[in-house]
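One structure coming up, written as structure tokens, with questions to follow.
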Amino acid sequence: MKNSLKRISALARLVVVDGIRRHALIGLVVLALGIEVSGLFFFSFVPRDIGRMLTDFIVTIGWCAGMVFLFFHAVQVMSWGEDRRVIHTLLARPLSRTEYVAGVFAGLLFLLLLLNALLGAIGYGVLALIRHWVGEVYFSHLGILEYILSWVGVLCIQAMILSAIVLFSGIIRGGFTVLLVSLTYYLICNGLPVAIEFFKDASPLARKFMVGLTLVFPNFSRFDYKGLIVALGKWPEVTTLALNLAYVVLYCALVLTLAAGIYNRRDLK
Amino acid sequence: MAEGVCFSEVWKTYERELGTDAQPALRGVTFAVRRGETLGLIGANGAGKSTCIRLLMDFIRPDKGAITLDGRSPADSRLRHDIGYLPEIASFPANLTVLDMLSFVGATHDLSKNDLTEQSEKWLRALELWDARKRPIHSYSKGMQQRASFVLALVHDPSLLILDEPMSGLDPIGRASITQLIQSLKTQGKTILFCTHILDDVDRLADRLLILHKGEKRFEGTPIELSGNFGTTTIVDGFLSAIGVIQP
């Protein structure tokens, strides 16, 4: 077990080092930071509810950067294995295919954590500065814990999408196909709550089916906490938070187990 | 427990791709590589050489038949502690240096920090990559990438070397130095299985050779036995006779 963790962390480190040196990712971070900082210049055009609007803006920038990371970096990393046979170089070591799946997932998740931490920290600085400038009348509350919670929510969503990308990379060959399937998955996840609402008067069986689908295609809106940052005393119940966290851990664990199972059975040509 | 590498009646057909018929890449191939010997796997393009190596490394699985390494299945990843693998095309994550890869190899093979540092320096200097060790591997020439792959295959001191086209992409000087390296590894008693279509290499390096043609074994034995079997004087003629291009 200890050796297995050592091998997984060695692979994760490789993925992290490769990602940190990738120019496209550095460009993504610089662009996202630039957009966050631009909030300092246009906030005065916002007529009212500056706090809510700007917190939405900052967290959404992080979420967008995460999506670009997932669909254009994570998909590419998973397919370098297949397209460029890097997977052969890595699996020529005493590394099982399950450890390979866990290592690549851990490395990419760590990169996402770094990305969110950096954008979150700079974003908080931007919000605090604007609040200091406009005063409490226009920006009444900036809860640090709620702010951290909203970024944890973003990371939870990204972790679930990442696990799905790892699964799709096991099932399908070719980076572009994985990208298309991952985008479709994401669109279904986003559209399902709307569909459930639309079919609320349908037969109980149909409704149960639709709700059952959310086990496969999670409802990401339950991890959207950014509305709490400027609201006083609206911290969600601990049981709700614990259930949501358990759901994310269980979802990722199940999807990765399935992905590892597929990687273990298939040929890696 | 059988020592060395053992293929027994191995069949492998790749999945059919759109518009093509599935053709078996290997048709009941049986051979063995004993500990301490060097076996050259030769054949034309599409003969099944790389398929044998991928099966041995467990990248792909056989449809029928059995493959063992010291009596164990290649699916057992612990076996690879003792294997040095050189891929046909050197492939690395784009932005890493050879030192990053060596640190990964050290962690996965449980090498101590001292051993890793000592062995890395030894092989990087021997293969003339010491000065380029901090450069991203993607900035290397093809020959340098091939030598980097050799460093990674040898740094953990494996007793079995599996080399897929070891001379691929090397200039004549590079080929001569790699030939010398393989010869010195032979004298250290390493078991070596290499595949190539450069027949001069086989003549210089292999104790025995295995000729594959269209997925079938056509000959297994020493170069002298090849000449004897087909009444030829050179390995090239022996090979061409074995695959039926010229009549013995």
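Only one of these conditions is not met by B:Arg34: (1) away from chain A (no Cβ under 13 Å); (2) at pLDDT 90 or above; (3) crowded, with 16+ Cβ neighbours inside 10 Å. Which number is it?
B:Arg34 satisfies all of (1) away from chain A (no Cβ under 13 Å); (2) at pLDDT 90 or above; (3) crowded, with 16+ Cβ neighbours inside 10 Å except (3).
Moving on. All but one of (1) surrounded by fewer than 11 Cβ atoms within 10 Å (Cβ to Cβ); (2) within 15 Å of the chain's Cα centre (by Cα) hold for A:Asp201; state the number of the condition that does not hold.
Of (1) surrounded by fewer than 11 Cβ atoms within 10 Å (Cβ to Cβ); (2) within 15 Å of the chain's Cα centre (by Cα), only one is false for A:Asp201: (2).
Follow-up question, since we're still on this one. Report yes if some residue within region A:106-121 is out of contact with any Pro (no Cβ under 7 Å at 6 or more places or on another chain), within 12 Å of another protein chain (Cβ to nearest Cβ), part of a helix (DSSP H, G or I) and within 28 Å of A:Ser38 (Cα to Cα); otherwise report no.
Among the residues of region A:106-121, not one is out of contact with any Pro (no Cβ under 7 Å at 6 or more places or on another chain), within 12 Å of another protein chain (Cβ to nearest Cβ), part of a helix (DSSP H, G or I) and within 28 Å of A:Ser38 (Cα to Cα), which makes the answer no.
Right, something else. Kindly establish whether B:Leu124 is in contact with a Leu (Cβ under 9 Å, 6 or more places away or on another chain) and either assigned to a loop (DSSP other than H, G, I, E, B) or more than 12 Å from chain A (Cβ to nearest Cβ) (or both).
On the way: in contact with a Leu (Cβ under 9 Å, 6 or more places away or on another chain): yes; either assigned to a loop (DSSP other than H, G, I, E, B) or more than 12 Å from chain A (Cβ to nearest Cβ) (or both): yes.
Yes; evaluated as a whole, the condition is true for this residue.
Okay, moving on. What's the total number of residues in region B:100-121 that are surrounded by 13 or more Cβ atoms within 10 Å (Cβ to Cβ) and within 14 Å of chain A (Cβ to nearest Cβ)?
13
For the condition over 17 Å from the mean Cα position of the chain (by Cα), in a loop (DSSP other than H, G, I, E, B) and of a type in the set (Lys, Arg), what is the one hit in A:Arg52, A:Arg13, A:Arg7, A:Arg93?
Every option except A:Arg93 fails the conditions.
(1) in contact (Cβ under 8 Å) with a residue 24 or more places away in the chain; (2) part of a helix (DSSP H, G or I): which one isn't true of A:Ser140, the others all being true?
Here A:Ser140 meets the rest and fails (2).
Can you name every one of the helices (runs of 4 or more DSSP H) wholly within region B:154-245 that holds 2 or more residues which are under 27 Å from B:Thr108 (Cβ atoms)?
By residue number, B:172-187.
Only one of these conditions is not met by A:Met1: (1) more than 10 Å from chain B (Cβ to nearest Cβ); (2) within 22 Å of the chain's Cα centre (by Cα). Which number is it?
Result: A:Met1 passes all but (2).
While we're here: Read through the list (1) at pLDDT below 90; (2) closer than 21 Å to A:Ala253 by Cβ; (3) in contact with a Ser or Thr (Cβ under 7 Å, 6 or more places away or on another chain), then give the number of the only condition that A:Ser79 fails.
Result: A:Ser79 passes all but (2).
Of all residues in region A:232-268, which are in contact (Cβ under 8 Å) with a residue 60 or more places away in the chain and within 14 Å of chain B (Cβ to nearest Cβ)?
Those that are in contact (Cβ under 8 Å) with a residue 60 or more places away in the chain and within 14 Å of chain B (Cβ to nearest Cβ): A:Ala260, A:Ile262, A:Tyr263, A:Asn264, A:Arg266, A:Leu268.
Looking at A:Ala128, is it surrounded by fewer than 22 Cβ atoms within 10 Å (Cβ to Cβ) and either of a type in the set (A, V, I, L, M) or within 21 Å of the chain's Cα centre (by Cα) (or both)?
For A:Ala128, the condition - surrounded by fewer than 22 Cβ atoms within 10 Å (Cβ to Cβ) and either of a type in the set (A, V, I, L, M) or within 21 Å of the chain's Cα centre (by Cα) (or both) - is met.
When you look at B:Arg80, is it of a type in the set (Lys, Arg) and within 11 Å of another protein chain (Cβ to nearest Cβ), yes or no?
yes
Output the number of residues of region B:88-99 satisfying the condition of being within 7 Å of chain A (Cβ to nearest Cβ) and at pLDDT 90 or above.
The qualifying residues number 1.
The values are calculated or read from the model by the stated rules, or taken from the named source; none is laboratory data. Note that the structure is a prediction, hence the values are computed from the model and not measured. When we count neighbours, we look across all protein chains shown, and the Cβ atoms used for this are built from the backbone with ideal geometry, even at glycine.
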